[in-house]
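> One structure coming up, written as structure tokens, with questions to follow.
Quick note: the coordinates plus some simple rules give every number you see, no bench work behind them. Please read these numbers as outputs of a predicted model, since none were measured by experiment. No Cβ is skipped: glycine too gets one built from the backbone with ideal geometry, and neighbour counts run over all protein chains shown.
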Ligand code: HEM
């Protein structure tokens, strides 16, 4: 995923304890491997082995030649005899898992007991299978992400890790080759060709009565609250002041709540992208518009841009054409309230409606603040080889390995999917979902003077996923010592 230069960082004390993935997507290390691990047997000798050969990289901003990030599923911790209980009041998504029946219904992965059309037909291949429930054929205990400068080094490191972990009873459920190479324009694109990784929440230290700041800028001074994308640090790291005016609670490891500090949760979804089907659907949609209205400005590319809500190069769509590439502080209420430029149901507008759900000017501020209580820090990378636009499908696996950091899975990741992305009644729409991620169906777009409705196909499918705990470095060392 693309890395916009974000100039916030953690104070040295917290940076030394936090995994580097929190502050950066390792953009300077364009190659990588996501390894989904399963451990058979007792004990945690395998975690000690990881500590030797691929220790998680700290968030101190040093640009090393290799980077690593580690995260555990609930079943992974449980298999090592570690309990990880969340706050007792509510069902805990981390404990229950992403494919627990009620959760997967709310995430729209399951409808009337069946997997929906945007999940691979046989059902998801992998999860943490929490509680031993047979939700998926493969059980994942940990995710190890290796980032490298070159493809041969990514390969070599993966080989070293596999060889070292096999004698400890660890098998690799899946290895996804991830890459992040910018194109000739310097843009990082996902497989459909769109600039990705642009809009992110920007943390600041919101702790009352503090004397120093945990989030700092390049000058070492307190990082100010960003008016458009500012979120309290506790939205992405446990133990810090969050958007609900409390220290973000994390899981208590063996009853100890202090071990959560500087850790977080990661929602992971492996999405398969069918590039040929996407562009075929866009061609068909544009042809349908032109058949009804030969004067319409309809091309596969501009329809695709309206599915996403940005141009292929990442500029936000305004009512009078694309805005500047760097304009990410764009607010919908003043500049495009009816979705004439950026359709109300487009992927970015659903993913983060900003102040766009306000119906009166006096609601703008409250609704922007409310939307910012549901932000996720995206650290996705694409996997698989690219397929040029217009080429027929080659049967190869490619897609997006979506990783999103947040401290409250229910209020952040699940809310975004349930209330915005997969909500058939989102904004003023009716009976349609995210045209990028949902099963195929209608997508309506306001236009001058018409409203157009296009039927989009299914081109993104979920292959597996789970909620993971991303420990702080001291918590990782603690897990390795148990
Ligand atoms: C194959 C899967 C996906 C693809 C290809 C994809 C692609 C994109 C692209 C091209 C953008 C615009 C550029 C940017 O701001 O980064 C974007 C933005 C975004 N996406 Fe996705 N995405 C995928 C899955 C998801 C999922 C599963 C979620 C949420 C659970 C999500 C949430 C968001 C959010 C929150 C934004 C930023 C909106 C904003 O702040 O303006 N995406 N995505």
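> Report, to one decimal in Å, the Kirkwood hydrodynamic radius for segment 1-109 based on all distinct Cα pairs.
Numbers: mean 1/r = 0.0597 Å⁻¹.
When all Cα pairs of segment 1-109 are included, the Kirkwood radius is 16.7 Å.
> Please tell me the relative contact order of segment 121-248 in percent, rounded to the nearest whole number, where contacts are Cα pairs under 8 Å and at least six residues apart. Can you show the working numbers first?
Values: 130 pairs, mean separation 14.8, N = 128.
So the answer I get is 12 percent.
> Let me ask you something else. What is the ratio of the Cα radius of gyration of segment 289-414 to 2.2 N^0.38 Å, where N is its residue count, to two decimals? Mind showing how you got there, number by number?
On the way: Rg = 17.2 Å, N = 126, 2.2 N^0.38 = 13.8 Å.
Here the Cα radius of gyration is 1.24 times the empirical estimate.
> Tell me, Kirkwood radius of segment 366-482 from alpha-carbon pair distances, in Å?
About 17.7 Å for segment 366-482.
> Sorted by mean Cβ packing within 10 Å, highest first, what order do the peptides 375-383, 64-72, 452-460 take?
Put in order of decreasing packing, that is 375-383, 64-72, 452-460.
> Taking only DSSP H segments of four or more residues, each worth -39500 (n - 2.57), what value at 222 nm results for the chain once the sum is divided by all its residues, to the nearest 500 deg cm²/dmol? Please report the intermediate quantities before stating the final value.
On the way: 12 runs with 97 residues, N = 482.
Dividing the helical sum by the residues of the chain leaves -5500 deg cm²/dmol.
> What's the center-to-center distance, using Cα atoms, between segment 298-371 and segment 113-188 in Å?
About 33 Å separates the Cα centre of segment 298-371 from the one of segment 113-188.
> For the pair residue 184/residue 111, report the inter-label distance in nm, with labels modelled 7 Å from Cα in the Cβ direction.
For residue 184 paired with residue 111, the spin-label model returns 4.3 nm.
> Just how far, in whole angstrom, is segment 384-454 from segment 208-229 if you go by their alpha carbon centroids?
34
> Per-residue counts of other Cβ atoms within 10 Å, averaged by peptide: what ranking do you get for 468-480, 316-328, 271-283, 7-19, highest first? Mind dumping the intermediate values first?
Details: 468-480: 22.7, 316-328: 15.3, 271-283: 20.5, 7-19: 18.9.
Packing proxy ranking, top to bottom: 468-480, 271-283, 7-19, 316-328.
> List the extent of the Cα atoms of the chain along each of their three principal axes, largest first, rounded to whole Å.
68, 54, 46
> Using per-residue counts of other Cβ atoms within 10 Å, averaged over each peptide, order 115-124, 296-305 from highest down. Each step should come with its number before you reach the end.
On the way: 115-124: 16.8, 296-305: 18.5.
Per-residue mean Cβ counts within 10 Å order the peptides as 296-305, 115-124.
> What FRET efficiency would be calculated for the residue pair residue 257, residue 13, taking the C-beta separation as r and a Förster radius of 22 Å, to the nearest 0.05?
FRET efficiency, residue 257 to residue 13: 0.70.
> Quote to one decimal, in nm, the extra length available between residue 396 and residue 450 on full extension: 0.36 nm per residue of separation minus the C-alpha distance between them.
Residue separation times 0.36 nm, minus the Cα-Cα distance, leaves 15.5 nm.
> From zero up to wherever the largest Cα-Cα distance of segment 87-157 sits, split into 5 Å bins and tell me the percent of pairs in each.
3, 14, 19, 18, 14, 10, 10, 8, 3, 1
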